[in-house]
Amino acid sequence: MANGVIQTSYDYAIQTTDPEQDNVKYQIDWGDNTTTITGLNESGANITVSHTWDTKGTYNVIKSRLLINLVQKVTWLLLQ
């Protein structure tokens with residue numbers, strides 16, 4: 001768990017390599033009833049996503065999952 005300041009943008013780097021080199025997108029659950037779905041990215045590309053929390057609180061479950069070929073959803077993984 002990390003501490004932060006509300007109304008401050010935080011960046012997270014994500015990178016995944018698909019074994020079949022399919023393009024991927026990510027769905028991120030920020031733990032504050034908001035989600036982000038990225039655009040398509042090349043397999044293996046490093047991307048950065050940003051988020052700002054508006055309300056003071058503890059957000060323990062920030063998680064992401066990979067969407068392959070816009071259909072297959074991979075299990076939720078915790079962001080570290």
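Just so it is clear, none of the values below were taken in a lab; they were calculated from the coordinates. Not measured: the values here are computed from a predicted model. Quick reminder, even Gly has a Cβ in these numbers, built from the backbone with ideal geometry, and neighbours come from all protein chains shown.
Listing 26, 10 from the residue with the fewest other Cβ atoms within 10 Å to the one with the most, what is the order?
Values: 26 21, 10 14.
The fewest-first ordering by Cβ neighbours comes to 10, 26.
Considering only the other residues whose Cβ falls under 14 Å of the Cβ of residue 51, what net charge follows from Lys and Arg at +1 and Asp and Glu at -1? It would help to have the intermediate numbers written out before the result.
On the way: positive: 63; negative: 11, 29, 32, 54.
Net local charge, residue 51 excluded: -3.
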